[in-house]
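Structure first, commentary second.
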Amino acid sequence: MDFEKGEVLHVAKPLNWTSFNLVSKVRWKLQKTLKIKKLKVGHAGTLDPLATGVMIICTGKCTKQIETFQYQTKEYIATLGLGATTPSFDLELPIDGTYPTEHITRELVDEVIPRFLGEIWQVPPVYSAVKVDGKRAYDYARDGQEVELKAKLLVIDEIEVLDFSLPVLKIRVVCSKGTYIRALARDIGLALDSGAHLIGLERTRIGEVLLQDCWQIDDLIQHIEETELKNLTNTSATEE
């Protein structure tokens, strides 16, 4: 592998890591192993710290492909906690409201979920990186300031119920770029005449890249070391 020239790496993001953490770890290891001071490394499609799953990391000239990867369809397995909401729509912040769930049946869930199939308008979470007047929305939220975010048109290609056992609802979602699954959880809660927040999220696919085909970060680090050691050995043998 030629990381300096450019490689596309499929990596499984661990829980509680930011996307930036993962990219930084890979960049640091490559620079240290290759003994270089600079190397372009970027990723396609941010995942929140509490989400896991597929991330595409590009190095060198392959970073030019990032935008192409970002526009590819993504698949998620999302677990929703019904009957409660949080300001961030996930577990990052504590519950700020509770709602009845006694009326939520499997029949109601099966009636509501298909409403989100196809083109939908979605208002991004206030705790998100969406920019408003040059400032991130989450900066306004953390400062206690109200900010109005505009709804965006998105496409949900597929959505299905995988499991339902109050108060937990697990769904599979295939969607377009820019979809906030946290916001989808919020909207599903409202459609069920209750509340909901995301309690688990795993991205299982980007385009044709599947989670089972991704490197675990420790295995990738080891592979980088072994690849460079092999290259050094081959170079030494050639020089002799």
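The values are calculated or read from the model by the stated rules, or taken from the named source; none is laboratory data. Since the model is a prediction, treat every value here as computed from it, not as a measurement. Note that we place each Cβ from the backbone using ideal geometry, even for glycine, and neighbour counts take in every protein chain shown.
Considering every residue within the stretch 157-165, establish whether at least one is among the aliphatic types (A, V, I, L, M), part of a loop (DSSP other than H, G, I, E, B) and under 22 Å from ASP110 (Cα atoms). Please lay out each step first, then the result.
As a first pass, look at the stretch 157-165 and keep what is among the aliphatic types (A, V, I, L, M): 159, 161-162.
From what is left, the residues that are part of a loop (DSSP other than H, G, I, E, B) are none.
No, every residue in the stretch 157-165 fails to be among the aliphatic types (A, V, I, L, M), part of a loop (DSSP other than H, G, I, E, B) and under 22 Å from ASP110 (Cα atoms).
In the stretch 79-89, is there at least one residue being touching a helix residue (DSSP H, G or I) at 6+ places or on another chain (Cβ under 7 Å), more than 29 Å from ARG142 (Cα to Cα) and surrounded by 19 or more Cβ atoms within 10 Å (Cβ to Cβ)?
No, the stretch 79-89 contains no residue that is touching a helix residue (DSSP H, G or I) at 6+ places or on another chain (Cβ under 7 Å), more than 29 Å from ARG142 (Cα to Cα) and surrounded by 19 or more Cβ atoms within 10 Å (Cβ to Cβ).
Of all residues in the stretch 82-116 being of a type outside the set (D, E, K, R) and touching a Pro at 6+ places or on another chain (Cβ under 6 Å), which is farthest from THR52 (Cα to Cα)?
Residue satisfying both the conditions and the ranking: THR101.
So, of the residues in the stretch 79-125 that are within 18 Å of the chain's Cα centre (by Cα) and of a type in the set (Val, Ile, Thr), which turns out to be nearest to LEU169 (Cα to Cα)?
THR79
Of the residues LYS152, LYS170, LYS177, only one is touching a residue at least 40 places away in the same chain (Cβ under 8 Å), among the basic types (Lys, Arg) and touching a strand residue (DSSP E or B) at 6+ places or on another chain (Cβ under 7 Å); which? Show your work before the answer.
Details: LYS152 fails: touching a residue at least 40 places away in the same chain (Cβ under 8 Å); LYS177 fails: touching a strand residue (DSSP E or B) at 6+ places or on another chain (Cβ under 7 Å).
Within the list LYS152, LYS170, LYS177, the selection yields LYS170.
Any chance the stretch 131-148 includes a residue that's closer than 20 Å to THR73 by Cα, at pLDDT below 95 and hydrophobic (A, V, I, L, M, F, W, C)? Don't jump to the end; show me each part of the working.
Of the stretch 131-148, the ones closer than 20 Å to THR73 by Cα are none.
No, the stretch 131-148 contains no residue that is closer than 20 Å to THR73 by Cα, at pLDDT below 95 and hydrophobic (A, V, I, L, M, F, W, C).
Within the stretch 1-89, which strands (runs of 3 or more DSSP E) (wholly inside it) include 1 or more residues that are in the same structural domain as GLU226 (by TED's automatic domain parsing) and free of Cβ contacts under 8 Å to residues at least 40 places away in the same chain? Quick ask: steps written out before the conclusion?
Numbers: elements: 8-13, 41-44, 51-59, 74-82.
Fully inside the stretch 1-89 and qualifying: 41-44.
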